[in-house]
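A.B. asks: Quick one: the structure is below, and I'll ask about it shortly.
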Amino acid sequence: MHNVVIVGSGCAGNTAAIYAARANLKPLVIAGKEAGGQLSLTTLVENFPGFPEGIQGPELVENMKKQAQGFGAEYVSGDLLDADLSTRPFKLNIEGETVETQSLIVASGASARWIGLESEQKLIGHGVSSCATCDGFFYRGRKIMVIGGGDSAMEEGNFLSRFGSEVVLVHRREQFRASKIMLDRAHANPKIKFLTNTVVEEIFDVSKNTVTGARLKNVVTGEVWNQEVDGFFVAIGHIPNTAVFKGQIETDPDGYILSKGGARTSVKGVFHAGDVQDRTYRQAITASGAGCMAAMEAEKFLEAEGH
Ligand code: NAP
């Protein structure tokens, strides 16, 4: 029986683990299938306070984990397959093993969103990717396409321009969601070409099991054309990892957990932290702050319940 189980090992989960461990709650952290969260997929993080020269994302998140382990937090690899939150203690199925806990911190983050084309799904890992940091290296001197109009697309475009011979950034509207500074940086990059009002209709070539091009459509003029490309990077946002809690924890229509004040969810004893609830800020520092809040609230809850 655990006092507190934390689902997720990104900034939110690791910070919650540090605070819960220092409160002597001996937290168990379920690392999840994307262990380390979004930071483990990035390179240099320049806006996490305390690192004037910046720090590599994977290093930052690994440091947090070590810090939590130093105070007695336990980490298990694997994923949460099922959860019964109807009564306390809550029952969690971690890859077939049942664990019971008096409180739960959901810090399971959000995963990459895909366009939803059949060809895209078939070519994931064969030229289609959602992670420039992971796969950019493979496209040295090749033609790269990036989909999206937010900060992620700008960041990936800039990063991929280090490798590719050219980067074509395809966005479905004229206006960008990206912040001005990120957009300006991408515009100033001579290797990045912009295609706005453009959607992807098909990615080629499933029969060859590799990306050779894409069929694009200008939604204003109706023009349709094929464009050669070797690497296809999707950077169109994320989906919160709450499927396992569906029908148990209240969420908004997109699946983001609805906050009931502070770190509280609709289920007593279950707290939220990080991107799984936050669709606005989604920063490492805000996720860490949310992890701290969740751990403090879990501690207060356990104390009030006499644990
Ligand atoms: P986002 O801001 O939600 O942008 C997603 C983009 O993808 C939008 O431009 C959207 O188009 C487009 N899109 C969504 N679904 C699509 C589809 N099915 N087909 C084609 N295009 C689609 O997501 P994000 O860029 O991942 O950023 C998320 C958050 O993280 C933001 O708060 C951002 O500021 C932050 N972030 C910050 C940094 C940084 O500061 N270094 C880096 C990355 C991310 P529409 O505009 O038409 O909706």
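The values are calculated or read from the model by the stated rules, or taken from the named source; none is laboratory data. Since we're looking at a predicted model, the values are computed, not measured. Ideal geometry is used to build each Cβ from the backbone, glycine not excepted, and the neighbour counts take in all protein chains shown. The accessibility values were calculated without ligands, DNA or RNA, using every heavy atom of the protein model including side chains. Shrake-Rupley method; radii C 1.70, N 1.55, O 1.52, S 1.80 Å.
A.B. asks: I need the full set of residues from the range 159-185 which are over 15 Å from residue 131 (Cβ atoms) and outside any loop (DSSP other than H, G, I, E, B), in order please.
C.D. replies: 166, 167, 168, 169, 170, 180, 181, 182, 183, 184, 185
A.B. asks: Next up: Give me a count of the residues in the range 138-167 that are over 21 Å from the mean Cα position of the chain (by Cα) and open to solvent by 10 Å² or more (accessible area, probe 1.4 Å).
C.D. replies: Here the count works out to 11.
A.B. asks: If you don't mind, another one. Any idea which residue in the range 120-137 is surrounded by the most Cβ atoms within 10 Å (Cβ to Cβ), counting only those that are in a helix (DSSP H, G or I) and within 14 Å of the ligand (Cβ to nearest atom)?
C.D. replies: Per the criteria, the residue is 132.
A.B. asks: Would you point out the residue of the range 98-118, among those that are within 16 Å of the ligand (Cβ to nearest atom) and assigned to a loop (DSSP other than H, G, I, E, B), that is surrounded by the fewest Cβ atoms within 10 Å (Cβ to Cβ)?
C.D. replies: The qualifying residue surrounded by the fewest Cβ atoms within 10 Å (Cβ to Cβ) is 116.
A.B. asks: Something else now. Determine if the range 24-31 includes at least one residue that is open to solvent by 20 Å² or more (accessible area, probe 1.4 Å) and over 15 Å from residue 104 (Cβ atoms).
C.D. replies: Among the residues of the range 24-31, at least one is open to solvent by 20 Å² or more (accessible area, probe 1.4 Å) and over 15 Å from residue 104 (Cβ atoms), which makes the answer yes.
A.B. asks: Just checking, which of 229, 206, 211, 224 is away from the ligand (no atom under 12 Å from the Cβ) and touching a Phe, Trp or Tyr at 6+ places or on another chain (Cβ under 6 Å)?
C.D. replies: 211
A.B. asks: With 215, 282 as the choices, which residue is surrounded by fewer than 19 Cβ atoms within 10 Å (Cβ to Cβ) and under 19 Å from the mean Cα position of the chain (by Cα)?
C.D. replies: When all the criteria are applied, what remains is 282.
A.B. asks: Which residues, counting only those in the range 204-252, are out of contact with any helix residue (DSSP H, G or I) (no Cβ under 8 Å at 6 or more places or on another chain), assigned to a loop (DSSP other than H, G, I, E, B) and among the hydrophobic types (A, V, I, L, M, F, W, C)?
C.D. replies: Hits for the range 204-252 are 211, 219, 220, 229, 249.
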